[in-house]
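Trainee: Before I ask anything, here is the structure I am working with.
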Amino acid sequence: MEKCRLWLSTEEIKQESLQGATVVVIDVLLATTTLVTIMERGARRIFPVSSVEEAQQLKTKLDHSSVLTGGELGGQPVEGFDMAHLPDEYTPERIKDHDIVFLSSNGTRAIMKAKDADTLLLGNLRNAYAIADHINRKAPEEVIIICAGSLGQFSLEDYVCANLILSQLNVGNAHLNDAAVYARHQRFDPDHVAQLVAQGRVGRNFGKLGLDELFEFVVDVGTSSSIVELHNGVELGFTSIGGETK
């Protein structure tokens with residue numbers, strides 16, 4: 001690896017820097033967690049989109065009975081969509097062998113903005129170590145880790161995930177940007193990640209809404225070995241199928 005950068009929000013994405021890079025997009029609460037889970041539960045393909053209009057147009061274009069729409073805007077279900085954004089809604093019985101058109105306020109916006117990367121992978125706390133191992137084995141020249149953030153603002157949970165991935169990467173003598181340097185020198189104990197994430201804005205909201213079981217699922221570090229990649233800048237699919245490791 002010659003270069004490794006950490007961008008702390010979608011707004012930091014520079015199109016001219018994406019060419020030839022392996023990119024990891026992180027939106028822990030919840031898009032990249034839900035999207036990887038959807039694939040693990042048997043979906044055929046996922047099409048990330050940037051707007052309700054794009055989702056509706058794509059569903060019409062695909063034009064078959066096995067297309068479902070899902071996601072959220074501002075944390076709320078989208079009127080007319082088949083499902084919202086929580087992993088529990090995407091049961092194997094409901095989505096197996098289906099195409100899912102998915103929209104989120106932050107995660108899919110980051111994915112679509114970074115879609116011109118040479119390789120684009122989805123990272124979350126559950127598959128953080130699998131992502132790092134995959135990158136180490138592929139040994140790309142340049143890696144960019146993107147925290148989707150929240151409407152342009154820093155998100156604690158995305159940074160914690162990026163930190164865990166960076167802690168496992170073989171960066172050697174690679175050039176790091178300042179955010180990556182800082183993250184490499186600030187190690188988080190995986191056993192304390194849940195407690196830390198719970199203190200963030202979105203983590204606190206999970207507590208207020210009583211989503212304790214979902215929160216435990218999301219912060220279960222290292223329990224998935226699945227690698228989900230954006231293919232042809234259009235659809236998400238498996239590069240490596242692993243599911244839960246325990």
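The values are calculated or read from the model by the stated rules, or taken from the named source; none is laboratory data. This is a predicted model, so every value here is computed, not measured. Neighbour counts are summed over all protein chains in view; Cβ atoms, including those assigned to glycine, are modelled from backbone coordinates with ideal geometry. For the accessible areas, the whole protein counts, side chains as well, though only heavy atoms, and no ligand, DNA or RNA atoms are used. Shrake-Rupley method; radii C 1.70, N 1.55, O 1.52, S 1.80 Å.
Trainee: Pairs under 7 Å by beta carbon, first residue in a helix (DSSP H, G or I) in segment 15-34, partner charged (D, E, K, R) and surrounded by 24 or more Cβ atoms within 10 Å (Cβ to Cβ), six or more apart or different chains?
Mentor: Correct list of pairs: T33/R126.
Trainee: Since V67 meets every condition but one in (1) in contact (Cβ under 8 Å) with a residue 24 or more places away in the chain; (2) within 19 Å of the chain's Cα centre (by Cα); (3) farther than 16 Å from N106 by Cα, which condition does it not meet?
Mentor: (2)
Trainee: Quick one: how many residues across segment 51-88 are outside any strand (DSSP E or B) and surrounded by fewer than 15 Cβ atoms within 10 Å (Cβ to Cβ)?
Mentor: Of the residues in segment 51-88, 14 are outside any strand (DSSP E or B) and surrounded by fewer than 15 Cβ atoms within 10 Å (Cβ to Cβ).
Trainee: Just for helices (runs of 4 or more DSSP H) wholly inside segment 111-209: which have at least 2 residues that are open to solvent by less than 20 Å² (accessible area, probe 1.4 Å) and among the small types (G, A, S)?
Mentor: Ranges flagged: 128-138, 178-184.
Trainee: Scanning segment 41-50 for residues that are in contact with a helix residue (DSSP H, G or I) (Cβ under 8 Å, 6 or more places away or on another chain) and touching a residue at least 60 places away in the same chain (Cβ under 8 Å), which turns out surrounded by the most Cβ atoms within 10 Å (Cβ to Cβ)?
Mentor: P48
Trainee: Also, quick follow-up: Out of the residues in segment 93-104 meeting the condition of being assigned to a helix (DSSP H, G or I) and out of contact with any helix residue (DSSP H, G or I) (no Cβ under 9 Å at 6 or more places or on another chain), tell me which one is surrounded by the fewest Cβ atoms within 10 Å (Cβ to Cβ).
Mentor: Per the criteria, the residue is E93.
Trainee: Of all the residues that make up segment 8-38, how many are out of contact with any helix residue (DSSP H, G or I) (no Cβ under 7 Å at 6 or more places or on another chain), surrounded by fewer than 24 Cβ atoms within 10 Å (Cβ to Cβ) and not acidic (D, E)?
Mentor: Residues in segment 8-38 being out of contact with any helix residue (DSSP H, G or I) (no Cβ under 7 Å at 6 or more places or on another chain), surrounded by fewer than 24 Cβ atoms within 10 Å (Cβ to Cβ) and not acidic (D, E): 8 in total.
Trainee: Which of the residues belonging to segment 150-175 are out of contact with any Gly (no Cβ under 7 Å at 6 or more places or on another chain) and within 21 Å of V221 (Cα to Cα)?
Mentor: Across segment 150-175, the qualifying residues are F154, Y159, V160, A162, N163, L164, L166, S167, Q168, L169, N170.
Trainee: Out of segment 224-234, which residues are surrounded by fewer than 16 Cβ atoms within 10 Å (Cβ to Cβ) and either in contact (Cβ under 8 Å) with a residue 40 or more places away in the chain or in a helix (DSSP H, G or I) (or both)?
Mentor: Listed by number, the residues that qualify are G233, V234.
Trainee: Return the residue satisfying two criteria in turn: it lies in segment 144-155 and is touching a Leu at 6+ places or on another chain (Cβ under 7 Å) and not small (G, A, S), and of such residues it is nearest to L18 (Cα to Cα).
Mentor: Filtering segment 144-155 for residues that are touching a Leu at 6+ places or on another chain (Cβ under 7 Å) and not small (G, A, S), the one nearest to L18 (Cα to Cα) comes out as I145.
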